[in-house]
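The values are calculated or read from the model by the stated rules, or taken from the named source; none is laboratory data. Note that the structure is a prediction, hence the values are computed from the model and not measured. All Cβ positions, even for glycine, are placed from backbone atoms using ideal geometry, and neighbour counts span all protein chains on display. All accessible areas refer to the heavy atoms of the entire protein, side chains included, with ligands and DNA or RNA removed. Shrake-Rupley method; radii C 1.70, N 1.55, O 1.52, S 1.80 Å.
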Amino acid sequence: LLPVPFAPGRGAPMCVGGTMADHNSEEEVVHDADLPWTVYDVDALPPMGRSGSWFSAGQSIVQQHVVAGGGMLENIKLVRADVFQALQVPLPRSQDLLSSAFGTPRSQDLVVAVSHAWRNQTHPDPSGRKHSEICVFVENLQRKFEDRTIFIFFDFLSISQRPFQVGQEERTAEETERFFAALGQMHNMYFLADYVIHLGFELDGELIQGEGDQYIVPVLMLRNVVVSQVGDWWQITQIEEGDRQSRRNGQSRRESPMTDEVSLFDRVVSVDGRELESLEHLQQDLEGARPIPALCALQRYPFGRVNRIPADERGWVFLERFITAAKCAMLLRDQAVGIIITDSPATEQQILTIAERLRGAAQHNVENGSQGDLLAKELDACFSMLETKRFSAASTDKRLLDSDQAINPDSVVVKAIMQEFTHFLGEHWNTEEAKQRHQAKRLGATALQVATDYFLSWDSFSEARLAEIEAASTLDPAVFFLLLVVPIVLPLALCLAPYLDPSLPPQRQGWFWLLGMPLAVFTVNLMFPFFLAATVGMQLSRSAIAELFAYASGVAVLTTLVIFCLSWGLGMFPMPCAPLIAASLAMGAMPLLWLYVPFSQRGIAAFRRRAVDAMLGVILLIVVSGIALPLVNTLLVSIESEALQALILLCYVIIKLGFERVGRYLASRLGADAMPCFIWVASYSYEINLCHVLAKGFSWVHFVELIAFDAIENGYHMWSLRRQWGEKRDVADAEDRRRQYFIVAELLIREFIEVVVVLSFLVDVAILRVVQPEFVTFLCPISDAEFQTMVLLLLLDLGVELLMALSTYWFLVRHGFSPLRTLRGLVASYFPVFFACACSGSMYYMACQVTQFGMDYSFQFLWVTEASSRWRCGLTWEVP
């Protein structure tokens, strides 16, 4: 917190009646309104914003900060929106409003901070132009949040001010002290606000009656006024009755903003046609004995000097925009756009550009395990930008003018605040980011807003990831060959092993325990470490890859031994639901992956948090792909009604979208570059599972339903792209491009999987039908006619998917994209995780169809419940 002797500098240059005359007049004033969050503690605020203690969790942050003797809301007041809208122009001072005009937000209320540039020394908005604009913005928020009370931080109304009209009383000593204390706290207001309004600054067309008019009076009329140098002006800063000697002696006097024709804040231009150069010359004219009194030329400025420095060049304005940018950088980009309300597209672009740089730097630090490296450079770059801004010196605040102490100029104050703030951000970025995102969730509490956010908001690739994808667009075709062929070969190897009759005891099933089970568990578990490494941002060396293979091998051996012991000990073979047991054991082995993390990264707190989020993603992957989808298959098999089956098919889509939704949440914490991993896994698991569903011979109605789901999903992505092109938002072109490629990436991944999975499955079933169908549960019991129908259904599905893929290709090419190059770049960039997930998905769902794995979707388990049952084929057992 700035000490009081230092804080006045914020208002020094231009703070005539109070708030930041300099701050405001020379630039807009941004304030982070304290929010109604309970997520902040005393360490949550930057150093200069800490004051007092914090109360119980049941109160809002604003309430918690109201502490006797220096609490934020002891010095800064928040105006109720309904009161603000009803105010007359020119706006009254803070101390002239009734106490009922202010309030303390509750946890469900909203705080809106207004950042603006003061037009004049004594009043920010003499004509009421800003007031009208703010009212429009507030009305829009009121329509959006009908059930919430809105409070406004507007410096002129939130902090006590000096007089600007005849008859207004001077600030009391207590109000003056609170004013200067508030100067060191205001920057926290907009860092903590729910929304920040940034108003543009335009003097054209805004006329104030009498402003600039020149008049002439005898110089003797200036005997009872105080003329001070304010910047390059000589200005009337005080009008008094009584002679100057009585003022020097500290005797009581009465101050009035007007005496005859001379008005407070008027500019003294010249005396007898000679430009006023110093107070000594004026003093000589006042005390000299002349037969004809000298004449003094003045200009009227009823609200003080007009600050004509463009807002973009003002130091205070830049500080406020920077803090808003830091707030935005901690949010997802669509959330960041949502909290900025402005009448200036250029201002929004400036804030979002800085925010994007800070967000990218923070993400780079997390991904590369560095603390404050690139982020610190970006923060220093922002501080360097402050050096180019301008600071006026136009304060007429009496305390500043009369003080015998040296007052720190505005440039010093602003630089001190920004230096402290950037230091705080560099040290606490991750903590503040979590709090800001938690806060942003409150703004989308309604179901409609949640749905809108889900369907209309998109992430974007980082610059580094998009550059990597583009650089890898000349991928060697051999990589595609591996991605297409290996997921076909592995399930065949599993199904074509020389297994024995499953009615034999487990100890005689050597091929299964030595080949089938270890191969399946190894392949499936290989996906988890690669998925974890890709989402957490680990760089995999050859030795690291070898270690991950060792992990999967160890889990395969351990799982095989456990299931073998269970099967042997219970005398059951096949072991019922062996894939589900293996999935559960895989989750239990997850903590072992931490041992494979390099020591250099284990000690980094940010990496540990990312690792926890990525681990949650892996566990979710196991639960959804390994347990939930097979159980839905069980439910589908047990129901005969086509209508109910159609509803259950909808569950597949819901599970897929739910997994992607949670993946999007985790990706918001891990970085949007991790999202393609979730899309690939969700789409692959969904498609391979549906292939197995279609192989069981469902009706044409179900087939049309599934095709409709895919068509709707593709249409949604294409519509999202067109919506991105159609929006005319003044944001960085690079950001739009990264977002568009993010949507294209999701679309291409889905299309690629929808074609490749069906094709791979067709090849597998065609070979297995001829070579060894007796151990495949969906092949052995069907006739040749039923098999032909199944193949026809799959071929038709493949044809439809190819048609949609071609239409997608045409759509993207027509709009300037190179889908094949982009797809090659995606596969190259994410090849390890894509390859591992493809092999694991095809292997797991095929294992669920192999007799020896005991995945009876009917849950009858006749070989266990009926001792006299005889194996026929697949999992079909006959009871005599």
> Do the alpha carbons of any pairs in Lys327/Lys656; Lys77/Lys377; Lys144/Lys327; Lys377/Lys435 sit beyond 25 Å of each other, and which pairs?
Replying inline: Lys327/Lys656; Lys77/Lys377
>> Once you place label points 7 Å from the Cα toward the Cβ at Asn140 and Ser100, how far apart are they in nm?
In response: 3.2 nm
>> Between Ser503 and Leu644, what is 0.36 nm times their sequence separation minus the Cα-Cα distance? Round to one decimal in nm.
In response: 47.3 nm
>> For the ranges 799-810, 224-235, what's the packing order if you count other beta-carbon atoms within 10 Å of each residue, average per peptide, and put the highest first?
In response: 224-235, 799-810
> How much FRET efficiency would the formula 1/(1 + (r/R0)^6) give for Val486 and Leu796, where r is the Cβ-Cβ distance and R0 is 25 Å, rounded to 0.05?
Replying inline: 0.40
> Which FRET efficiency value, to the nearest 0.05, do you get for Leu657 and Ile707 by plugging their Cβ-Cβ distance into 1/(1 + (r/R0)^6) with R0 = 22 Å?
Replying inline: 0.80
> Using a simple spin-label model with points 7 Å from Cα along the Cα→Cβ vector, what separation in nm is obtained for Thr353 and Leu616?
Replying inline: 3.6 nm
> For Arg872 and Ser699, what does the FRET efficiency come to when R0 = 35 Å and r is the distance between their Cβ atoms, rounded to the nearest 0.05?
Replying inline: 0.85
>> Probe of 1.4 angstrom, ligands and nucleic acids ignored: what's the accessible area per residue over the stretch 135-236, in square angstrom?
In response: 40 Å²
>> In Å², and per residue, what accessible area does the stretch 787-880 have when probed at 1.4 Å with the other protein chains present?
In response: 42 Å²
> In Å², what does the accessible area per residue of the stretch 561-685 work out to with a 1.4 Å probe?
Replying inline: 39 Å²
> On full extension of the chain, what length is gained from Leu515 through Ile216, given 0.36 nm per residue of separation minus the C-alpha to C-alpha distance?
Replying inline: 97.0 nm
> Around Met675, what is the net charge, scoring Lys/Arg as +1 and Asp/Glu as -1 over all other residues with Cβ under 9 Å from its Cβ?
Replying inline: -3
>> Tell me the accessible surface of Val414 in square angstrom (1.4 angstrom probe, heavy atoms of protein chains only), to the nearest ten.
In response: 0 Å²
>> Heavy atoms only, 1.4 Å probe, whole protein assembly: order Ile239, Ile292 by accessible area, highest first.
In response: Ile292, Ile239
> Near the amide H of Arg106, under 5 Å away, which other amide H atoms are found, from residues 5 or more places off or on another chain, if H is placed in the peptide plane?
Replying inline: none
>> From the phi angles alone, apply the Karplus equation (6.51, -1.76, 1.60; θ = phi - 60°) to the stretch 827-839 and give each ³J(HN,Hα) in whole Hz, x where the residue is Gly or Pro.
In response: 4, 5, 5, 10, 4, x, 6, 4, 5, 5, 5, 5, 5
> Under the classification rounded if a/c is under 1.5, otherwise prolate if a/b is larger than b/c and oblate if not, where does the stretch 755-800 fall, given a ≥ b ≥ c as square roots of the Cα gyration tensor eigenvalues?
Replying inline: oblate
>> Let me check something: with ligands and nucleic acids excluded, how do Val755, Val196, Val771 order by accessible area (1.4 Å probe), largest to smallest?
In response: Val771, Val755, Val196
> Ignoring ligands, DNA and RNA, what percent of the accessible area of the stretch 518-559 is carbon or sulfur (1.4 Å)?
Replying inline: 69 percent
>> If packing is taken as the average count of other Cβ atoms within 10 Å, what order do 328-334, 679-685, 460-466 fall into, highest mean first?
In response: 679-685, 328-334, 460-466
> Hey, rough spin-label estimate for Arg129 and Gln209, points 7 angstrom out along Cα→Cβ, what's it come to in nanometres?
Replying inline: 1.9 nm
>> I'd like to compare 529-536, 171-178, 342-349, 114-121: which one has the highest average count of other Cβ atoms within 10 Å, and what's the full order after that?
In response: 114-121, 529-536, 342-349, 171-178
>> Need the full-extension length gain, Val879 to Ser278, defined as separation in residues times 0.36 nm minus the C-alpha distance. One decimal, nm.
In response: 204.8 nm
> At a probe size of 1.4 Å, how large is the accessible area of Leu631, to the nearest 10 Å²?
Replying inline: 70 Å²
>> I'd like the accessible area for Cys577, computed on protein heavy atoms only with a 1.4 Å probe and all protein chains in place. Round to 10 Å², please.
In response: 20 Å²
